[in-house]
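The values are calculated or read from the model by the stated rules, or taken from the named source; none is laboratory data. Owing to the predicted nature of the structure, the values given are computational and were not obtained by experimental measurement. Cβ sites come from the backbone with ideal geometry, for glycine too, and all protein chains shown count toward neighbours. These area figures cover heavy atoms from the full protein model, side chains too; ligands, DNA and RNA do not enter into them. Shrake-Rupley method; radii C 1.70, N 1.55, O 1.52, S 1.80 Å.
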Amino acid sequence: MDNISQKAKKHWDNIAKPIDSLGLLEDYVVKLCHISGSDKPYELDKKALVIMCGDHGVVAEGVTQTGSEVTRIVSENFAKGKSCVNQMANVTGADVFTVDIGMLGERYPEKSLVTDSVIDRRVASGTKNLAVEAAMSLKECKEAIQIGIDIVGELKAKGYRIIATGEMGIGNTTPTSALAAAFLGLATSQVVGRGAGLSDEGMRRKIQAIDKAIERVRGLGYALEQSERITSPVELLAQLGGLEIAGMVGMFLGGVEHKLPIVIDGAISAVAALVADSIDKRVGEYCLASHVSDEITGGLALEKLGQKAIIHGKLRLGEGSGAVALFPLLDMAMSVYENMGSFQEYEIQAYERFE
């Protein structure tokens, strides 16, 4: 624990309450202080949610209940403020930015980071079918990562102090499971869930598609049974990932580069954080886990990252919904940290730490 973190923890211990009684909320505040480089209360007045949107060629394998056209419909609803996460973000005071990083269809005209339009940062019109070929070229993957890094920098320049990650992409739990299998060294059966709601037959096709993808990349020479032997996480991301996943990888890397806290959402976001951590081991210092997704890959990725989430609500909506649900908890914790009196002020005998 660095000096700033020690000071922040000491401040918590001096507050008139049992030591560590706010649990992970205390740890989150200490982490925010570490990121800011000061034990003073971290300002959370400007919050953002960035929803990366992309389509997936693997939908052709019958791994989804709906078609790729739904990605565009839902993404436009984000920009109109008409989706579930918009209602949640309104309550928390977070601004929602919808980014087309890889959708199908016509490109949107808006390039600037605004909240009322889909923002065009498109790298390609969807990925290829990862079951039979690389989802992205290495160039496309790196470009998507850089877009995520740049967006964090742009939002910091606009005064945002914390950024939640979100995504939209019909079929994206399939690349997420494939990446989890590759980076965790697990069998497909250990990482596949039903996503947005698959039948038994849909699950069979999903497992089959991921098995084909894993065998394909294994044939390229990756030692997937031992994830520590992975030498090029970016190459694996290009082979098995999605453009919106790569964009979120960039956002986690952008947190390190621009020294801003980035909030992990659910399974897809957590796996993106896992990939980012494989690229830069400092990622864990700059991200906060919001919830343990009901999709199995979420918990597995957080465990590997050593990140503890405070919300256990069986959430699996995606869109950044779990990430923005963390915001009011952070506001409350920071208010206690800033405004609560000390044992001395309240003339109460201080608790001691016996460890």
Limited to the range 301-344, what total is found for residues that are over 25 Å from SER278 (Cβ atoms) and assigned to a helix (DSSP H, G or I)?
18
Scan (1) open to solvent by 50 Å² or more (accessible area, probe 1.4 Å); (2) within 18 Å of ALA164 (Cβ to Cβ) for the single condition ASP211 breaks and write down its number.
(2)
What number of residues in the range 277-303 are open to solvent by 70 Å² or more (accessible area, probe 1.4 Å) and modelled with pLDDT of 95 or more?
4
Out of (1) touching a strand residue (DSSP E or B) at 6+ places or on another chain (Cβ under 8 Å); (2) free of Cβ contacts under 8 Å to residues at least 60 places away in the same chain, what's the single condition that is false for LYS308?
(2)
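Being small (Gly, Ala, Ser) and not in a helix (DSSP H, G or I) is the filter; apply it to the range 1-31 and report the residue that is most open to solvent (accessible area, probe 1.4 Å).
So the first thing to find is which residues in the range 1-31 are small (Gly, Ala, Ser), and the list is 5, 8, 16, 21, 23.
Adding the requirement that they be not in a helix (DSSP H, G or I) leaves 16, 21, 23.
Numbers: ALA16: 17, SER21: 63, GLY23: 33 Å².
Applying the filter and picking the extreme gives SER21.
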How many residues are out of contact with any Leu (no Cβ under 9 Å at 6 or more places or on another chain) and open to solvent by less than 10 Å² (accessible area, probe 1.4 Å) if we restrict to the range 239-255?
8
Given (1) within 24 Å of PRO18 (Cα to Cα); (2) over 13 Å from the mean Cα position of the chain (by Cα), where does LEU326 come up short, assuming only one miss?
(2)
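Restricting to the range 307-355, count the residues that are open to solvent by less than 40 Å² (accessible area, probe 1.4 Å) and modelled with pLDDT under 95. Spell out the reasoning first.
Here is the first cut: in the range 307-355, the ones open to solvent by less than 40 Å² (accessible area, probe 1.4 Å) are 307, 309, 311, 318-327, 330, 333-334, 337, 341-343.
Checking the rest, the ones that are also modelled with pLDDT under 95 come to 318, 342-343.
The qualifying residues number 3.
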Looking at LEU236, LEU260, LEU302, can you tell me which residue is more than 10 Å from the chain's Cα centre (by Cα), closer than 23 Å to TYR160 by Cβ and among the aliphatic types (A, V, I, L, M)?
LEU260
